[in-house]
1. Convert 4 °C to kelvin, take the viscosity as 1.567 mPa s, use the Kirkwood radius over C-alpha pairs of the stretch A:294-403 as Rh, and evaluate the Stokes-Einstein diffusion coefficient in µm²/s, rounded to a whole number.
2. Suppose we keep just the alpha-carbon trace of the stretch A:83-139; what are its Rg and Dmax in angstrom?
3. Which whole number of Å³ per residue matches the convex hull of the alpha-carbon atoms in the stretch A:445-671?
4. Once whole DSSP H runs in chain A are found, which of them have Cα atoms spread over 20 Å or more along the helix axis and a mean Kyte-Doolittle score of at least 0.5?
5. In whole angstrom, note down how far apart the Cα centers of the stretch A:232-277 and the stretch A:497-513 are.
6. Distances longer than 56 Å among the Cα atoms of the protein assembly as shown: what percent of all pairs is that?
7. Just name one of A:VAL122, A:SER75, A:PRO42: the one whose Cα is farthest towards the positive end of the charge dipole of the stretch A:18-149 (beta-carbon charges, Lys/Arg +1, Asp/Glu -1).
8. Excluding same-chain residues fewer than 8 positions from A:LYS113, which lysines have a Cα within less than 29 Å of its Cα?
Amino acid sequence: MASRALYSPRHPVLKKRDDFEDVLEERRRSSDLRYALRCYTPTLYKGLVPCKASMLKTIVLQSDHLQYVIKQVSSESGDSTECVAEEASLILDEMAHRLQLSTIRFFAFTLSKAFKRLFRSVCVNEEGIQRLQQAVQEHPVVLLPSHRSYMDFLMMSYLLYMYDLPLPVIAAGMDFMSMKFVGEMLRMSGAFFIRRSFGGDKLYWAVFSEYVKTMLRNGYAPVEFFLEGTRSRTCKSLTPKTGLLNIVMEPFFKGALFDVNLVPVSISYERILEESLYARELLGVPKPKESTSGLLKARRVLSEDYGSMHVYFGHPVSLRSLAEGKINRSQYNLLPRYIPQKPRVDTHEFLNDAAFRLVRIQEENMVLKPWVLIATLLLQNPDGLELSFLTEQTDWLRHLALAFGAFLDWPDHEACSEVISCSLALHRHLLSVSAGHVQLNVTDAPQVETTPEEAVFHRAVVVLSCASYRNQILHVFLRPALLAVAMQSANSNRKDDVYNCFNFLRNMFSNEFILCPGDSIQDFEEACYLLMKHGVLQVLEHEIVMSASGHSTLAFLCSVLDPFLQGYQVVCRYLCEETNENLTEKDFIPAVRSFALKLILAGRLKCCEALSSDLQKNALAALLRLKAVRKVKVGDQVTLKVNKIAVNSLEDTLGKSNVNQNSWCSSMAMLK
Amino acid sequence: MASNSSSSTAQQRLRIIAGHLQKRPEDENASVAAQECKAEAPRSEPSSATPVPRRRQEIMKWNGWGYSDSRFLFTKKGQAEFTGKRYRLSGLILPSLKDWFEGTFGANLQHRSPATPSLNLSAVAPPNLNQPFVEDLKAAGLVVSHDPEDRVFRAHGHCLHEVFALREGRIGRVPDMVVWPSCHSDVEKIVELACKHNVCLIPYGGGTSVSSALECPREETRSIVSLDTSQMSNIHLKDVFIMRCTAVTLTLHIVSLTAGSETLHKASTPLCLSRNTFPVRLLNEHGYCTGHEPDSMEFSSLGGWVATRASGMKKNIYGNIEDLVVHIKMVTPRGVIEKSCLGPRMSTGPDIHHFILGSEGTLGVVTEVTLKIRPLPEYQKYGSVVFPNFQQGVACLREVARQRCAPASIRLMDNEQFQFGHALKPQVSSMFTSFLDGLKKFYITKFKGFDPQHLCVATLLFEGDRGKVLQHEKQVYDIAAKFGGLAAGEDNGQRGYMLTFVIAYLRDLGMDYYVIGESFETSVPWDRVLDLCRNVKERIVRECKERGVQFPPLPLSRVTQTYDAGACVYFYFAFNYRGLNDPVHVYEQVEHAAREEILANGGSLSHHHGVGKLRKEWMKESVSGVGLGMLKSVKEYVDPQNIFGNRNLL
């Protein structure tokens, strides 16, 4: 099957990646104004029926689908159809984009200025752009960028303008729209706004989905949205959402389009603009409401150096080949196509599977900077490292990462120490370097008197900021790391014992990391293959044996997962020890946070990452999935019912992995 | 029909009707009379009536379509010509065909792929005869043959792979013998003997199948006997009677299996081909017609129409075969199946005719069919409408269907097919005509702003009373105008219909120059017509590319029939196969993919070509497991020994 071949584990070294071009270089040499006013003639879809925004609106409102839903809603609610149609029209007004070239030119000018201040370079793989140019002409295109920063979609539109590609229409959360003026500007640059939640609103869903499908069917413009749904605060890819994916795939399922090109785009930042903002948010300071004044305050970010940025346009994935053999399109033959149908179970599985695979492509094409390696090492050594040792370790890690197929942007002609000092300089606010000793900025004494809680909080901000860089490389080490932990916790070296442990951990963490459902065996084999290739393990017919030289690698891999193991244990312990009968879902996060804080203050827990609300949420989701906790609706509140025995046994199993692993850590320390 | 001849036929028709009306009191028990006639019928008609010779290869190609004397060729000067005298196009030069052919397919007249000139008799396996069966047949006075040429001729239909193999001189499994019954009782005898001696019978009518239905199953170990129905043609005109319900619904009793042709001369009709074939002509002389005109009608047989659920181009007026049939008699291994009366509709459980219609020769041999006939139309007129694009055209046809005012035939050709049709324009004799053509083109493309790369043409055929035709015509053109359609003259319309009759001859020309192709069809609800056409064409292009076809393929589509609930879509697909090792395999893979695409887009497995062996694999998906089981149980009851063992359909 073509789609299988697309994702079958490849030899990591054989992974061919394109070269990058710095797009800012040209901007630094010529006039931004002339650039913004230059002739813009995008490549267009071959079947394009040109249409204005107002025309688009009429098409949407007159569509059979929407008319059908309007009648349905009207008969259910008793309102007249005119009334419902009017409502639909208002929804559409609220939602629709008004792409205008003049606004684009304004953005082209201002963003050129801004990007030049912010970034040293913005690197794009031009081959990817060429592929996109081809793809745009052939079939309607859906752009699927990763989402780490507000910068993402500005950058996407900016680049597409730069390369004479049609500007995308972007599904953006409604919260942007409340930003006066800026909301309008975004709208005129192609954003359309959707409410964050509209679960039960049939009419809203109909207007929205018809709007997206109409744009796609006419090939009017590429549709852009974020598979992850929201910005990842941790820089780990988020479990993808399938709602929008379903909408863009449906015209293909129903035969209205021959094919759709799905283009995953990976956007990576050497330093993320929202870095400490995210960390604070994870620790419970709510995200500031988007407002124009907030944006202006953010102006000070303009004076900082954010290093370089990489945008990698992946190979377009043909939906047709992805769905081949998995979706039986004739299932839609028996109903008129305008009647909305809930996706069937197999369609749902396909959507989920496709979403995971696309996110994995995003992950694989994410460029990693040297700092990611350094951050990983610094987090594993909270007491700091000698600079020379750090250099040595980073170099070792670099080779390990490359062997596992990481897409590392390491300057070729510079000495390792040079590269490291450069990275340290860029991220100096997160660390302290004194007398050749590098340490995370955790013990930095604050100027004013603080409570112990505040001190922990302060430390946690730095750790979580740093973790957000380490997280970028997790997908490279994830499978081998799961295997490494499984090897430690398994009762024997027998392959099936190890696999069972692996499977348990994989299952436990599948809300935390991108692990395609159903790929357990494939992942296991991939992990075995990588570690065997690297001489860490010997995989025999029934046994997996560690090689003599494999200790340090295994220890490193185990400690990669250590914060997560500890964090999940904390959550389990909390649920077993502390909860009363009436724990509501809403109270869960703050309660776990204060529990973790207590442990840290008492010195029983070292790991600050347990404070992260992201980790806590994921752990809860895993427990819910494993049915160790269930939700019960009482009145208008959702409470959590804990099966303490089940949670306890999960914690034990996790603990086993962790205890063994701790001994590994100490043995590694001894080796050093 | 040309108007000059129509007035005389109309008068003739009136005379006949008058005659019937006079006789009417005596016709009280007409159906009884018909029954009697049938009983004494078989050999009463003069034997000169048989239209097709037993040795068909004497007048027809053994490895291509149609008559041996009629073929397209490129002359030394590179001009295309159609030889022979049979058709309106015969003897004419087609000046633009070469450029279209070379330009579209990337073909070159220097690169030829000629066919093996004659059948290599040593390539035909010796017959596996069941001697006792042969002797019994001979004793019963039946005509049989095991001449290799006769057997090879009946071993194939006209699928691409079948014709391609013949052209290369490759002969697969062929029937071991041919038998020619001449009447119903002959057939009964043959079937009885076949059961007795356990031989496999494959009914053979016109041999125009495009579903591998005539292929001998490879796994068949018994002796295979081809049962050629061509000598059973027999039409009983003296029994014409008027059904009492209406004055115009006439039922004609035809004991016939082949509506084929014998006398072929250049017709006076404006149509390119002689449609004046034997039973049709006889009917016409009496002022009637059946109205059933499938594109293969020159060669295909009445029994074949019934056995495949055929559809004719004028079905809008006359209906498809299932609407035309009043009575069927079929000989099966279990005995004869027929209804007891000629009632126009019966509520006697599921209609047994529908077990026979579309049974594809798996249950028995159809020996007699009673068809409705209609008075010949007084007036016939072609027409055409140009639309700016295919979408508008489809919308127009849909509206015509909604208003139920479709003319006898209405077809919508896509842009590529329109251009194809244009390439078949004969040399114009006068400067004036070519000037007029130029003017028309200018008007449509420059003045009206139609894009020559997008415009498409609907071809129309009106039939009926002169006054009504003109009125009808106006109605249709008015609807077309609402969808941006412009009337484009009779000539374009006629040429459109000509295309469907010469396409099979054209395929032979293509195959002389490395171009292979075929047609396939489907039916689909209106709201999916556009999507289906586009997706199937794109699928073809993509599959060809993936399979290493060096030149861009040519997929054409045509909405060829309209119904209340949908349309029949017809595809042609051809490509230049230079550089391919196994072009037929590539072709088959692409056609397979195209069929999958059709099914995925809500199209049916077949509208009128049938299933045969080519499309068997999708039967279960198409009619559900239970549906297939029902059909299988009928087969099991009717033919437990699998005497009719062509293994079609099920």
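1. 67
2. Every Cα atom of the stretch A:83-139 included, Rg and Dmax give 18.3, 54 Å.
3. Taking the convex hull of the Cα positions in the stretch A:445-671, it is 141 Å³ per residue.
4. Within chain A the helices that satisfy the rule are A:101-118, A:452-489, A:551-577, A:585-601.
5. 25
6. 37
7. A:VAL122
8. A:LYS180, A:LYS287, A:LYS289, A:LYS297, A:LYS369
None of the figures in this text is laboratory data; all of them are computed from the coordinates on show. Given the structure is predicted, the values throughout are model-derived calculations rather than measurements. Heads up, the Cβs are rebuilt from the backbone with ideal geometry, glycines too, and the neighbour counts pull from every protein chain shown.
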